[in-house]
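See below for the structure under consideration.
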Amino acid sequence: MAASSAFLPELGTQVVVPVAAVVGIAFAVLQWVLVSKVKLTPEPPRRGDGSAGKSGGAGASEFLIEEEEGLNEHNVVVKCAEIQNAISEGATSFLFTEYKYVGLFMGIFAVLIFLFLGSVESFSTKSQPCHYSKGKTCKPALANAIFSTIAFVLGAVTSLVSGFLGMKIATYANARTTLEARKGVGKAFITAFRSGAVMGFLLAASGLFVLYIAINLFGIYYGDDWEGLYEAITGYGLGGSSMALFGRVGGGIYTKAADVGADLVGKVERNIPEDDPRNPAVIADNVGDNVGDIAGMGSDLFGSYAESSCAALVVASISSFGINHEFTPMLYPLLISSVGIIACLITTLFATDFFEIKAVDEIEPALKKQLIISTAVMTVGIALVSWLGLPYTFTIYNFGVQKTVYNWQLFLCVAVGLWAGLVIGFVTEYYTSNAYSPVQDVADSCRTGAATNVIFGLALGYKSVIIPIFAIAFSIFLSFSLAAMYGVAVAALGMLSTIATGLAIDAYGPISDNAGGIAEMAGMSHRIRERTDALDAAGNTTAAIGKGFAIGSAALVSLALFGAFVSRAAISTVDVLSPKVFIGLIVGAMLPYWFSAMTMKSVGSAALKMVEEVRRQFNTIPGLMEGTTKPDYATCVKISTDASIKEMIPPGALVMLTPLIVGILFGVETLSGVLAGALVSGVQVDTLSMTAFIVVISYNVAYVSFIIYIVSVQIAISASNTGGAWDNAKKYIEAGASEHARTLGPKGSDPHKAAVIGDTIGDPLKDTSGPSLNILIKLMAVESLVFAPFFATHGGILFKWL
């Protein structure tokens, strides 16, 4: 029982949350308007003295490079507009095709949710005894089935819309970034970053707003039954994460098939530059950056946000917040996200308005400052929310008992997740940026060929997991010790509280990558390509940072979801010597490898077809290498589209059907083993993992989960960082910015070809299998939570027969 009430009244919460969401959306629109001022039409002729170009913009004089070098600016702008249109049409066409299949899945799975949850009480419309609040009655299981289905659809649609809008702004901004690069690297940086901010703020604000509206609308029916209300809300997280899986896998297969095909034939065999318009796969490659790295990442981080919010709300609903119907403390997770939007808004201004980029070497420091400033501002915001939005003391549900917690302890839980995210971001940057020795060492290893490059890259990836795992382990231990599973859930929210800034930084990378490709295809000056390459190299690092945030938050989110699942399924301990649990462990440990094998082979198969097609065109189309004939871009786009749509279904089915099959046939204990095993298999040294389980065999499931989640993300982090390092090692050689880099180049040299091979190996690791693994982990956990009532009631058919 809470000893005091929160300072912020219910009315204040009902105002703060939607207003913050609206402010976020309005800020996104403002950034879009500013980006749209860069016109994809030729500028009017300059006065003879050139004074029309001297407005003192960021980074350099606004004299156009075309004017200095005597190029035809009109033709350059027209070409940029044509290329942008082709990329946008290709990305839109693919997403619409993908969404047709995903929409069919969404409808089928929505029906399954309704049928399974409705059958818990034989579709009865009578009230039922509450699961946690003994002696009280709650709404019927049929209501939970209906509202969970609605929440699932809401989450799925929000996830798809978030990814689609992100893709549209990225394809809208890529050519504009290219054109701004003619005036200076600072102008191009601001355009790319503002475009990323549109996606970041739209996703963060819309996710918060839809969840807030759903809670209030569902509350009209549920009334005082907060236990049922927030159990139904978990469908929102399931919908978001299930769409993210298909977006990540489908988009990842698309982009990497095109990327590998373009690089192997274009760079290695034909010795032509990256994004050369003579390469038949170049349009498909640039389309893939948007459908994989933009739409996929957007859906992924939205899923993490939705799941962490739902996990926290479920635990809070059976704690003193829910028991005493304290609205403001109950919506503490949403208040964190609300303050996060404002903190990120302030942070963004430092990159776009308060400071300006004047040189290439200022790009990465500016992006790092975004992480530091957002974390510092958010720490103050968390303290304010914890003081105003929480009573001084309250209780949190902890596996059957109520644990007394103080508001300052919950502040520490959120703060430790926030700062752990910063640590992960900095470590990721160190291991993937070509400004530091790890990537430079990988580049140097290319002297002796691709084999040593691969060895050094793998070693870098394995080493890069050490500090992030310690950071995650510490945040898990501290947050659970202070506030049980609720503490872990809000720690995940802390890591995701700056999601708007994180997504802006992440989306900036593919936009810059596309800008460089457009510059090359439009035949623009090599000086412009140097600027866009510098933006792109920083973007590769920021993309790895974004993946680090996604993987780290997934570990915390999954642990919180796992805790909610075992609570709802009435499991207090996990005994690995029990046959029911042990068979689940070994099967679950196999699943990520099965899943990774499917996605990696899918990329390989699609890339094989792409390589054959690109070779065919180079060999059979007269004048292609001479640049007098255009390649057949459409065929390569079709190869990537067909392969990704076909190949995304089996991995998705594996993840989505496993919890259902195991829960129905073997029951909740075996399913808990599967969830644990799937997470444990993220570490390569399985003997160590099993030893850890035996040591904690008699302990509470939470302590078992500590071991699980500390080791769960290692293979995903390693894959992401290895791929990022290989990519930037290649760019380090291509840029030739240092004496050491020049000894390895130029483009087309043997070390450069070895670096390209390493990059192509890393592509599916960092953009398909690695990022998808964190979705696999958290998706199976949230699906198990949503279906927990059915599994607890009707699961374990085979064991009941034995």
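Which residues, counting only those in region 602-633, are under 16 Å from Pro764 (Cα atoms) and of a type in the set (D, E, K, R)?
Result: Lys609, single match.
Residue under question is Ala232, and the condition is that it be within 30 Å of Asp506 (Cα to Cα) and buried (at least 24 other Cβ atoms within 10 Å of the Cβ); does it hold?
no
Quick check on this structure: which one of Thr92, Thr158 is modelled with pLDDT of 90 or more and buried (at least 21 other Cβ atoms within 10 Å of the Cβ)?
Numbers: Thr92 fails: buried (at least 21 other Cβ atoms within 10 Å of the Cβ).
Going through Thr92, Thr158 in turn, the sole match is Thr158.
Those residues that are at pLDDT below 90, on the phi < 0 side of the Ramachandran plot and not in a helix (DSSP H, G or I), I need them from region 631-681; list them, please.
Within region 631-681, Ser681 is the sole residue that qualifies.
Counting only residues that are out of contact with any Phe, Trp or Tyr (no Cβ under 7 Å at 6 or more places or on another chain) and of a type in the set (Phe, Trp, Tyr), which one in region 388-410 is nearest to Ser337 (Cα to Cα)? If you could, list the steps in order and put the result at the bottom.
Here is the first cut: in region 388-410, the ones out of contact with any Phe, Trp or Tyr (no Cβ under 7 Å at 6 or more places or on another chain) are 391, 395, 397-404, 408-410.
Those left that are additionally of a type in the set (Phe, Trp, Tyr): 397, 399, 408.
On the way: Tyr397: 22, Phe399: 27, Trp408: 18 Å.
So the residue we want is Trp408.
If you take the residues in region 142-155 that are open to solvent by 10 Å² or more (accessible area, probe 1.4 Å) and not aromatic (Phe, Trp, Tyr), which one is farthest from Leu208 (Cα to Cα)? Before the answer, list the steps.
First, pick out the residues of region 142-155 that are open to solvent by 10 Å² or more (accessible area, probe 1.4 Å): 142, 144, 146-147, 149-150, 153-154.
Next, from what is left, pick out any that are not aromatic (Phe, Trp, Tyr): 142, 144, 146, 149-150, 153-154.
On the way: Leu142: 27, Asn144: 22, Ile146: 22, Thr149: 19, Ile150: 17, Val153: 16, Leu154: 12 Å.
The residue in question is Leu142.
Do we find that Ser133 is open to solvent by less than 40 Å² (accessible area, probe 1.4 Å), of a type in the set (Gly, Ala, Ser) and outside any helix (DSSP H, G or I) in this structure?
Details: open to solvent by less than 40 Å² (accessible area, probe 1.4 Å): yes; of a type in the set (Gly, Ala, Ser): yes; outside any helix (DSSP H, G or I): yes.
Answer is yes for this residue.
Going by the conditions given, is Ser475 over 30 Å from Pro764 (Cβ atoms), assigned to a helix (DSSP H, G or I) and open to solvent by less than 10 Å² (accessible area, probe 1.4 Å)?
no
Yes/no matrix, rows are residues, columns are (1) surrounded by fewer than 24 Cβ atoms within 10 Å (Cβ to Cβ); (2) within 21 Å of Lys79 (Cα to Cα); (3) without any contact (Cβ under 8 Å) to a residue 24 or more places away in the chain:
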| position | (1), (2), (3) |
| --- | --- |
| Phe164 | yes, no, no |
| Ala170 | no, yes, no |
| Val185 | no, yes, no |
| Phe193 | no, no, no |
| Ala197 | no, no, no |
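Any residue at all in region 322-340 that is open to solvent by 10 Å² or more (accessible area, probe 1.4 Å) and within 19 Å of Ala491 (Cα to Cα)? Even if it seems obvious, please write down each step before you answer.
Quick first cut of region 322-340, residues open to solvent by 10 Å² or more (accessible area, probe 1.4 Å) only: 323-327, 337, 339.
Subset that is within 19 Å of Ala491 (Cα to Cα): 337, 339.
Checked against the condition, which is being open to solvent by 10 Å² or more (accessible area, probe 1.4 Å) and within 19 Å of Ala491 (Cα to Cα), region 322-340 yields at least one hit.
Return the residue satisfying two criteria in turn: it lies in region 274-307 and is among the polar types (S, T, N, Q) and at pLDDT below 85, and of such residues it is farthest from Thr255 (Cα to Cα).
Only one residue tops the list, namely Ser304.
Is it true that Leu238 is in contact with a Gly (Cβ under 6 Å, 6 or more places away or on another chain), buried (at least 24 other Cβ atoms within 10 Å of the Cβ), under 26 Å from Ile25 (Cβ atoms) and hydrophobic (A, V, I, L, M, F, W, C)?
Values: in contact with a Gly (Cβ under 6 Å, 6 or more places away or on another chain): no; buried (at least 24 other Cβ atoms within 10 Å of the Cβ): yes; under 26 Å from Ile25 (Cβ atoms): yes; hydrophobic (A, V, I, L, M, F, W, C): yes.
Spelling it out, it is not the case that Leu238 is in contact with a Gly (Cβ under 6 Å, 6 or more places away or on another chain), buried (at least 24 other Cβ atoms within 10 Å of the Cβ), under 26 Å from Ile25 (Cβ atoms) and hydrophobic (A, V, I, L, M, F, W, C).
Test Val454 against the criterion of being more than 25 Å from Leu367 (Cβ to Cβ) and open to solvent by less than 10 Å² (accessible area, probe 1.4 Å), and give yes or no.
Values: more than 25 Å from Leu367 (Cβ to Cβ): yes; open to solvent by less than 10 Å² (accessible area, probe 1.4 Å): no.
Criteria not met by Val454.
Scanning for something surrounded by fewer than 24 Cβ atoms within 10 Å (Cβ to Cβ) and either basic (Lys, Arg) or assigned to a loop (DSSP other than H, G, I, E, B) (or both), does region 249-262 turn up at least one residue?
no
Scan region 401-409 and tell me whether some residue there is open to solvent by 20 Å² or more (accessible area, probe 1.4 Å) and under 30 Å from Glu364 (Cβ atoms).
No, because not a single residue in region 401-409 is open to solvent by 20 Å² or more (accessible area, probe 1.4 Å) and under 30 Å from Glu364 (Cβ atoms).
So how many residues does region 350-395 have that are at pLDDT below 85, open to solvent by less than 70 Å² (accessible area, probe 1.4 Å) and among the hydrophobic types (A, V, I, L, M, F, W, C)?
Qualifying residue count, region 350-395: 1.
Would it be correct to say that Ser195 is closer than 15 Å to Ile25 by Cβ, outside any loop (DSSP other than H, G, I, E, B) and not aliphatic (A, V, I, L, M)?
Details: closer than 15 Å to Ile25 by Cβ: no; outside any loop (DSSP other than H, G, I, E, B): yes; not aliphatic (A, V, I, L, M): yes.
It is false that Ser195 is closer than 15 Å to Ile25 by Cβ, outside any loop (DSSP other than H, G, I, E, B) and not aliphatic (A, V, I, L, M).
List every residue pair whose Cβ atoms sit under 7 Å apart, with the two residues 6 or more apart in sequence or on different chains, where the first one lies in region 75-90 and is more than 11 Å from Ile283 (Cβ to Cβ) and the second, anywhere, is open to solvent by 20 Å² or more (accessible area, probe 1.4 Å) and among the β-branched types (Val, Ile, Thr).
Val77/Thr41
So which pairs qualify, if the first residue must be in region 425-436 and among the β-branched types (Val, Ile, Thr), the second must be surrounded by fewer than 24 Cβ atoms within 10 Å (Cβ to Cβ) and in a helix (DSSP H, G or I), the Cβ gap must be under 9 Å, and the two must be at least 6 apart or on different chains?
As it stands, the answer is Val427/Ile466; Val427/Ile467; Val427/Ala471; Thr432/Pro438; Thr432/Leu460, since those pairs meet every condition given.
Residue by residue through region 431-448, note down the ones that are within 21 Å of Val360 (Cβ to Cβ), hydroxyl-bearing (Ser, Thr, Tyr) and either out of contact with any Ser or Thr (no Cβ under 6 Å at 6 or more places or on another chain) or open to solvent by 60 Å² or more (accessible area, probe 1.4 Å) (or both).
Passing the criteria: Tyr436, Ser437.
How many residues are part of a helix (DSSP H, G or I) and open to solvent by 10 Å² or more (accessible area, probe 1.4 Å) when one looks only at region 275-284?
Residues that pass the stated criteria total 1.
Which of (1) part of a helix (DSSP H, G or I); (2) without any contact (Cβ under 8 Å) to a residue 40 or more places away in the chain does Phe152 not meet, given it meets every other one?
Every condition holds for Phe152 apart from (2).
Looking at Ser299, Ser317 in this structure, which one is within 30 Å of Tyr392 (Cβ to Cβ) and either among the small types (Gly, Ala, Ser) or open to solvent by 10 Å² or more (accessible area, probe 1.4 Å) (or both)?
Selected residue: Ser317, the only one of Ser299, Ser317 that is within 30 Å of Tyr392 (Cβ to Cβ) and either among the small types (Gly, Ala, Ser) or open to solvent by 10 Å² or more (accessible area, probe 1.4 Å) (or both).
Output yes when any residue across region 610-630 is outside any helix (DSSP H, G or I) and charged (D, E, K, R), and no when none is.
Yes: one or more hits.
The values are calculated or read from the model by the stated rules, or taken from the named source; none is laboratory data. Since the model is a prediction, treat every value here as computed from it, not as a measurement. Quick reminder, even Gly has a Cβ in these numbers, built from the backbone with ideal geometry, and neighbours come from all protein chains shown. Remember, those area values only see protein heavy atoms, side chains included, never the ligands or the DNA or RNA. Shrake-Rupley method; radii C 1.70, N 1.55, O 1.52, S 1.80 Å.
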